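Okay, so here's the structure we're looking at.
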Amino acid sequence: MFKAREKEKKDLISFIASKDTKAALVYGIRRVGKTTLILESLRQSNVEYIYYECIKAPEDINLGIISQKVSKQLGLPEIVFKNFLSLFEYLESLERTIVFVLDEYQYLKQGFKSCDADSLFQHIIDGMKPRIKIIFSGSYVSMMKELLDYGNPLFGRFQLVEKLDPMDYYDSSLFYDGRSCREKICFYSVFGGSPLSSSSITSSSLEENIINLILSPKGVLRLYIQFILFSELRKVDFANRILEVLGNGKKRYSEIENALNISSSGALAKQLSCLEEMEIIRKVVPINSKCDKRKTFYAISDNLIRFYYCYVYRNLDEIARLGERSFFSSYIKPSLDTFISYRFEDICKEYFSRLAHKWQLPGLMDIGTYWYDDKIRKTNGEFDIALEYNDGYEIWEAKFLKSPMPKSMIEKEVDEIKQIGSMQIRAIGVISSSGFESTDSNYKYLNAEDLYNTKSLFFT
């Protein structure tokens, strides 16, 4: 059953239906849901299509398999095409509307020897009529991004570019519907937004799912994390070391460098850049100091990968000795709420981002974290969520709690915000996962149920 990705599906269906489009690009990291999205969009469009997942093989091998698929899927006599140009010339001669999907295009591209694959498909796209459409899809993010570069032959040929990121907290929750909003927060904070991880979650408790899917040596998500790294990285061990450092709280470049105890900063910078290009990590800057490199830090992008490197990677021996259940009880359970509380801040940012995409926050310029240096009180710190507008900031504090937030805690958070005199504040808000003991009309309030309000957040 297809879930989530409503906006992306709508865009792809529109591309397929259009009489003026020829080529689309869909890309994103492995197991992010590209193939499912494409096939569901084709099914709902009720069009004739040829789907081919390219393999790591020379050009002629891929072409031979495609020839068989064309004959079979279109109900035609078996035809052997001598090259891709003759294949698409033949498809055009049929005078039928056909969508051709080249999934994992990077493998086809790598296997080309006779010519440059991108140049060939530029020629094919430029020469064919819109009744033949090509959807290119791929998982090597860096290689697929190259297709959009100005110097690439395919530059400007895509009428639709759909980059699939991991699902946000809301779309992920559609896979484990029926749980309380607080449970949804917990599951997303641990398992992240990969369709694979979300669809792997069973009806069991959070603890049972962690044990079976991540801690177990045969756990499907434990194997998935290593697969992501091995698929594109050459220096896997180095990447693992960096991710372990990030997973355990170090985030600035100097902190990472010191933790790794390495002499070559060039090697670290190169590996960080590679992980960033793969979108496994991301750079984070405060909303009020975007150009200050001293305040830039790195963070693991996906919650599941973050959880793995926080708890599992360095403790594989302990898990083997103690068993998964004992390890969970001793190493994970005592700090799990703290881990989730940091992810809760990101969930709240995703909530505001979703509202912005629904045009419900007019005038919003940016969403981030506000960092402050109070020279008078000689303190520094950060406010969890800042919404930037032309006339100032909306500042929100987010708390992941087991019980309603007491009034004293609200007052403390508000007082902290008001102490920063240099900041132009247009509104103050508080978000509590478990609601509030009482509220004050001077401030804004959100609870877990608000974050999952289907009426206001679902894309139609």
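The table that follows gives values for the structure above.
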{"read-out": "Projected-area mean, the range 90-214, by convex hull of Cα positions, square nanometres", "value": "11.0 nm²"}
{"read-out": "Kirkwood-type radius of the range 378-460, with distances r between different C-alpha atoms, in Å", "value": "13.9 Å"}
{"read-out": "Restricting the range 389-454 to trypsin sites (Lys or Arg not before Pro) in coil, as DSSP defines it, with at most 12 other Cβ within 10 Å", "value": "K402"}
{"read-out": "Sum of side-chain charges, T202 neighbourhood, beta-carbon under 14 Å (Lys, Arg +1; Asp, Glu -1)", "value": "-3"}
{"read-out": "Distance between the range 52-116 and the range 197-261 - C-alpha centres, whole angstrom", "value": "37 Å"}
{"read-out": "Whichever aspartates and glutamates have a C-alpha closer than 16 Å to that of K358, once near sequence neighbours (fewer than 8 apart) are set aside", "value": "E6, E8, D11, D168, D171, E350, D366, D450"}
{"read-out": "Equivalent ellipsoid semi-axes, the range 81-147, via Cα gyration tensor eigenvalues times 5, rooted, Å", "value": "21, 14, 10"}
{"read-out": "Beta bridges per DSSP with both ends in the chain, % antiparallel, nearest 5", "value": "35 percent"}
{"read-out": "Restraint check, K34/K218; K163/K295; K69/K218, Cα-Cα greater than 31 Å", "value": "K69/K218"}
{"read-out": "Loop-located trypsin sites (Lys or Arg not before Pro) in the range 267-328, at most 16 other Cβ atoms within 10 Å (DSSP)", "value": "K290"}
{"read-out": "Shape box of the chain [Cα atoms, principal axes, largest first, Å]", "value": "77, 53, 45"}
{"read-out": "Coil-residue trypsin sites (Lys or Arg not before Pro) of the range 24-76, DSSP, other Cβ within 10 Å capped at 13", "value": "K56"}
{"read-out": "Cβ-based charge dipole, the range 342-457, positive-most Cα from N390, N442, N453", "value": "N453"}
{"read-out": "For the range 169-339, convex hull of alpha carbons as volume per residue, Å³", "value": "133 Å³"}
{"read-out": "Where N is the number of residues in the range 329-397, Cα Rg divided by 2.2 N^0.38 Å", "value": "1.42"}
{"read-out": "Expected-Rg normalisation [2.2 N^0.38 Å, Cα atoms] applied to the range 308-460", "value": "1.25"}
{"read-out": "Surrounding net charge for N212, when Lys and Arg each add one and Asp and Glu each subtract one, Cβ distance under 12 Å", "value": "0"}
{"read-out": "Per-residue ³J(HN,Hα) for the range 416-424, Karplus 6.51 cos²θ - 1.76 cosθ + 1.60, θ = phi - 60°, Hz, x for Gly and Pro", "value": "4, 5, 5, 5, 7, x, 6, 9, 8"}
{"read-out": "Cα pair count fraction exceeding 29 Å, expressed as % - the range 6-163", "value": "9 percent"}
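Here, each number is a calculation from the coordinates, and none is a lab measurement. Please read these numbers as outputs of a predicted model, since none were measured by experiment. For neighbour counting, all protein chains shown are included, and Cβ atoms are generated from backbone atoms with ideal geometry for every residue, glycine included.
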